[in-house]
Amino acid sequence: MGFGKDFWWSPFLDFDSFVSGWVWGDHGSKTGPDRRPSEGKTIDRDRTEYGRSGLGPVRSGPIRQDFGKFFRFFGKQLGVIAFHSTKSILSNIKVRHNLYIFTLIFLLLKVNMSIWLIRSRRNCGNLLKTLICNSATGNGRYEYSISCNPSASLFMARRYKSMEAEKELFSSKDDGKTSFEENHVHRLEYPGGKIAFTSEMNFLPGSSEERVKCYRLLDQDGYPILSNMPEHVGKELALKIYVNMVTLQTMDTLFYEAQRQGRFSFYMSSFGEEAINIASAASLSPDDHILAQYREQGVLLWRGFTLQEFANHFMGNKIGHGKGRNMPIHYGSKKLKYFTISAPLATQLPQAVGVAYSLKNDKKDACVVTYFGEGSTSEGDFHASMNFSAVLDAPIVFICRNNGWAISTPVTDQFRGDGIVVKGQAYGIQSIRVDGNDVLAVYNAVRSAREIAIKEQRPILIEAMTYRVGHHSTSDDSTKYRTKDEINHWRTVHSPITRFRKWIERNGWWTQNEDSELHIDVHKQVKNAIDEAEREEKPALKDMFTDVYEELPSNLIEQERSLREMIHRHPKEFPTNVPL
Amino acid sequence: MLGVIRQKVIGAKDVMRLRPVVSSMRHYSSGTKEMTVRDALNSALDEEMAADPNVFVMGEEVGEYQGAYKITKGLLDKYGPERVVDTPITEAGFAGIGVGSAYHGLKPVIEFMTFNFSMQAIDHIINSAAKSNYMSAGQINVPIVFRGPNGPAAGVGAQHSQCYGAWYGSVPGLKVLVPYSSEDARGLLKAAIRDPDPVVFLENELLYGESFPISDEALDSSFCLPIGKAKIEREGKDITITAFSKMVGYALKAAEILEKDGISAEIINLRSIRPLDRATINASVRKTNRLVTVEEGFPQHGIGAEICASVVEDSFGYLDAPVERIAGADVPTPYAANLERMAFPQIEDIVRAAKRVCYRSVPLAATA
């Protein structure tokens, strides 16, 4: 350290004061040798409504400038010392007189140093500096002002916690920083933490030149990219994943067709997103809670919802779990910890954080996983939930299916910036971008995210890049806003199922024969389920009135009674397929 | 010498400190305790949180600030930040989080700084909290309480003065409660927290500071009022006046004025907007044969409209005069004090309406 203890003049001054003031003090700006801290300017920061703005030397400066400044300022004083010393020696004045002169000069120097300290708004870590700063700067709590507010109280500097931290900063020499220059980076303790300053005006770019890279383990043709692949997906798991993906695709195809045939009212397929659905579900435990959006029937399928249960739900029959109350796609299962789908977009996000908060208190080895599309990140609820989950330290994994389209709105019209993954950092959330059509990458990423979320009790954001091959729903014809070529390209070249199938076939775990058999078998299962569900009776009349409240309220009992009376009096008006 | 001075000073202070103690002792001896609505709500929250570890409070300023209206005073110190959660400014956020945590079994008490701000979270209240039990076929129930001040305060303008009783009262799946006195506040809040269904608890800012006498029974920690039962605050035989929240106080004062004119008014404190206690209202109308409904909210599709329809449906033959509804003016609440006063029902309005219904004065239609 240059101007450390060994500097020859330092014993003449208050050691602490000068060393710390000098080393961590204000030594002029980077922009010019002569630049002093702005004199006469009061910054509004000195309105200490927080009472916590630290004192603060605010700029760093190279040694060169320090030397120059020092000598420029004190050159006069040094000259005086030199002159008098020489004079006394030459004129042979007694030592005693010399001592007087020297004391005078010493005092002069001290006063000068003090004035210099004041003028450079130096922070003072001890009483002397406090005195100086307080008397000069009013209440000694801000860095720029030399407007003298002489109404300082001497010991005000002691009152605020951040000033103690500031003192520690100055007195501590083990910053971990070695270079002199680094020791000159000044920080201010704002509410919320220390922030370093710069004189370079720099607007952070709206998005970085290079987009965040996508995590992927299998390439487009299903070849492993790394030579040493993580060994998490063995044969049994891989086959289970594949079978489920094929089941999901078949189920989607047949249910979609059934809706077009008029057998039920509405359906949404997840074509192209099978890997996200199944692979992510495969990496979770049955204790984890799921709050999905509406294109995650694969997750429910993996967890144990049977094809028959799906069909019952879509047909709205009496054995369906929903008692015929919910329109299709609004399935749910308390047993499988999959919350009933809620239609308004992004409502599940803050609710998921709430479930995670509740789970956190239970201290289980479980987390909450919530799915949403890139379009719903425009909703206010997305912002609230991300912010909140970080503030509450909720064990939650946010999985965004960025499939390029929100009905007819492409991502370029949905938001600017580099997608969803960069938004996580703004909220203080660890995030990753993943190739959503790569089963192994999704599996790995979600698995790790889950571990972090549970162990460290914090939220994680995963952006899974994929493409919505199907229409938004049965009410949509996507060829109206995108080309058939684009759809076909993603459906064939980037199909997650094909890719994974190639990998398992090359591993010797699967054959073409088995594949065709599987397709035929699953097709039959789904078809049977639909037919059977259709044959079932619709829910009974009483199911219209129950579950509005925990207990049937009197007005509904009344309504049911009067309805039954009406049916009794006019049986022909009542539909025949509704059991009483 | 210093000691003497010190003693004297302390002596003076002691006397001053003694005074409140003396006066409360006087209260004990006479038997009627008084409690402000604020303290009633605070004590109810305190007792319910002590009784059930799943109950927690969440909202803006509920913790460190002791509550925007000091309703949650002292709770943070007693129960810690896990159970008294200060939130960032996002009604949609914390209402959603409350609903989510209720899905999982906690019992949140979500505070809105006023119910005007609940509109930012209304999707969670209605589409999620109210409908989840039904949509999930009974699998997911939402034992949540949304509470906060509702309706006009004093000089707070249009966006801080709306009454949401009618909005929430129209949604099946919700229960909507409107306490008036401290006893109402205590009993209904406890009932709301214990209820397995979502409850919207509409308080009133101006009532927070008002003191009401409270019985020992109401101070007991297991005290609970039934949801869906109105209270007849004052018996009468000539006219029924229904009111809720602050308007109950006005109606009671109007009843005293009407008494001098020989009109005996029966005042019904609704206590619960959903479920509405139609039985009590109808029984009262059948006794008195005349009805005036009072509310602070906007007149169209208001609480009075529903009560009127219910009475016309069930007790038409018993009515001796058309039902009169008194409601707030059909304008966004003005700020200027004189205009604000004219935008909300005052005691004189209730008295005049009662007289019109009793045909003691010319009906409004004739004056038009």
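The values are calculated or read from the model by the stated rules, or taken from the named source; none is laboratory data. Computed from a prediction, not measured in an experiment: that's the story for all the values here. So basically every Cβ, Gly included, is an ideal-geometry build from the backbone, and we count neighbours across all protein chains shown.
For the reader, a short list of remarks on this structure follows.
- Flag if B:S211 is closer than 26 Å to B:R38 by Cβ, exposed (fewer than 15 other Cβ atoms within 10 Å of the Cβ), not assigned by the TED database to the domain that holds B:R290 and not hydrophobic (A, V, I, L, M, F, W, C): no
- Any hit, the stretch A:462-481, residues being surrounded by fewer than 20 Cβ atoms within 10 Å (Cβ to Cβ) and either in contact with a Lys or Arg (Cβ under 7 Å, 6 or more places away or on another chain) or of a type in the set (A, V, I, L, M, F, W, C) (or both): no
- Complete set of residues in the stretch A:402-447 that are surrounded by fewer than 17 Cβ atoms within 10 Å (Cβ to Cβ) and more than 30 Å from A:S478 (Cα to Cα): A:Q425, A:A426, A:G428, A:Q430
- Residue ID - nearest to the other protein chains (Cβ to nearest Cβ), chosen from residues in the stretch A:353-368 that are of a type in the set (A, V, I, L, M) and either surrounded by fewer than 24 Cβ atoms within 10 Å (Cβ to Cβ) or within 19 Å of A:A464 (Cα to Cα) (or both): A:V368
- Verdict on B:P322 being over 24 Å from the mean Cα position of the chain (by Cα) and surrounded by fewer than 17 Cβ atoms within 10 Å (Cβ to Cβ): yes
- All of (1) crowded, with 24+ Cβ neighbours inside 10 Å; (2) of a type outside the set (F, W, Y); (3) over 26 Å from the mean Cα position of the chain (by Cα) hold for A:A281 with one exception: (3).
- Qualifying residue in the stretch A:303-323 (condition: among the basic types (K, R) and under 26 Å from A:W490 (Cβ atoms)): no
- Out of B:K175, B:K131, sole residue that is under 23 Å from B:E47 (Cβ atoms) and either among the aromatic types (F, W, Y) or within 10 Å of chain A (Cβ to nearest Cβ) (or both): B:K175
- Scanning the stretch A:369-381 for residues that are within 10 Å of chain B (Cβ to nearest Cβ) and either in contact with an Asp or Glu (Cβ under 6 Å, 6 or more places away or on another chain) or not in a strand (DSSP E or B) (or both) returns A:E379, A:G380, A:D381.
- Of the strands (runs of 3 or more DSSP E) that lie entirely inside the stretch A:393-482, those containing 3 or more residues that are over 27 Å from A:I329 (Cβ atoms) span A:430-435.
- Apart from one condition, B:P196 fits all of (1) away from chain A (no Cβ under 14 Å); (2) under 23 Å from B:D46 (Cβ atoms); (3) not aliphatic (A, V, I, L, M); the exception is (1).
Here's the yes/no breakdown for (1) touching a Leu at 6+ places or on another chain (Cβ under 6 Å); (2) closer than 23 Å to B:G98 by Cβ:
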position	(1), (2)
B:V145	no, yes
B:N150	yes, yes
B:P172	no, yes
B:V176	no, yes
B:P196	no, yes
B:E235	no, no
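- Hey, B:P143 at pLDDT 95 or above, within 10 Å of chain A (Cβ to nearest Cβ), in a loop (DSSP other than H, G, I, E, B) and crowded, with 20+ Cβ neighbours inside 10 Å or not: yes
- The single condition from (1) surrounded by fewer than 24 Cβ atoms within 10 Å (Cβ to Cβ); (2) within 23 Å of the chain's Cα centre (by Cα) that A:N326 fails is (2).
- Scanning the stretch B:270-278 turns up no residue that is in a helix (DSSP H, G or I), in contact (Cβ under 8 Å) with a residue 60 or more places away in the chain and surrounded by fewer than 21 Cβ atoms within 10 Å (Cβ to Cβ).
- Test: residue in the stretch A:385-394 that is buried (at least 23 other Cβ atoms within 10 Å of the Cβ), of a type in the set (D, E) and within 13 Å of chain B (Cβ to nearest Cβ): no
Per-residue answers, yes or no, for (1) of a type in the set (G, A, S); (2) in contact with a strand residue (DSSP E or B) (Cβ under 8 Å, 6 or more places away or on another chain); (3) part of a loop (DSSP other than H, G, I, E, B):
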| residue | (1), (2), (3) |
| --- | --- |
| A:I319 | no, no, yes |
| A:M327 | no, no, yes |
| A:P344 | no, no, yes |
| A:Q351 | no, yes, no |
| A:S358 | yes, no, no |
| A:H383 | no, no, no |
| A:N387 | no, no, no |
| A:A390 | yes, no, no |
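- Of the residues making up the stretch A:341-370, those that are under 15 Å from A:D288 (Cα atoms) and among the β-branched types (V, I, T) are A:V353, A:V355, A:V368, A:V369, A:T370.
- Some residue of the stretch B:66-77 being assigned by the TED database to the domain that holds B:P149 and within 29 Å of A:E379 (Cβ to Cβ): yes
- Residue pairs whose Cβ atoms lie under 8 Å apart, separated by 6 or more positions or on different chains, with the first residue in the stretch A:294-322 and closer than 15 Å to A:Q259 by Cβ and in the same structural domain as A:Q249 (by the TED database) and the second among the basic types (K, R) and surrounded by fewer than 24 Cβ atoms within 10 Å (Cβ to Cβ), are A:M315/A:R263; A:G316/A:K538.
So that you can scan it fast, the table gives a plain yes or no per residue for (1) in contact with a Ser or Thr (Cβ under 7 Å, 6 or more places away or on another chain); (2) in contact (Cβ under 8 Å) with a residue 24 or more places away in the chain; (3) closer than 18 Å to B:Q162 by Cα; (4) in a loop (DSSP other than H, G, I, E, B):
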site: B:R325; (1), (2), (3), (4): yes, yes, yes, no
site: B:T333; (1), (2), (3), (4): yes, yes, yes, yes
site: B:E340; (1), (2), (3), (4): yes, yes, yes, no
site: B:P345; (1), (2), (3), (4): no, yes, yes, yes
site: B:A353; (1), (2), (3), (4): no, yes, no, no
site: B:R356; (1), (2), (3), (4): no, yes, no, no
site: B:V362; (1), (2), (3), (4): no, no, no, yes
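- Residue count for the stretch A:321-354, restricted to those that are touching a helix residue (DSSP H, G or I) at 6+ places or on another chain (Cβ under 8 Å), of a type in the set (K, R) and modelled with pLDDT of 90 or more: 1
- The stretch A:208-231, residues that are of a type in the set (S, T, Y) and in contact (Cβ under 8 Å) with a residue 60 or more places away in the chain: A:S208, A:Y215, A:Y223
- From B:V9, B:V99, B:V15, B:V21, residue being of a type outside the set (D, E) and at pLDDT 90 or above: B:V99
Residues are listed down the side, and each one gets a yes or a no for (1) at pLDDT 95 or above; (2) away from every other protein chain (no Cβ under 14 Å); (3) in a helix (DSSP H, G or I):
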| position | (1), (2), (3) |
| --- | --- |
| A:E517 | yes, yes, yes |
| A:K527 | yes, yes, yes |
| A:E534 | no, yes, yes |
| A:L563 | no, yes, yes |
| A:P579 | no, yes, no |
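- Assessment of the stretch B:292-310 against the conditions (in a helix (DSSP H, G or I), farther than 28 Å from A:S554 by Cβ and outside the structural domain of B:L188 (by the TED database)) yields no matching residue.
- Among the residues of the stretch B:88-140, the ones that are of a type in the set (V, I, T), farther than 23 Å from A:D393 by Cα and surrounded by fewer than 24 Cβ atoms within 10 Å (Cβ to Cβ) come to 4 in all.
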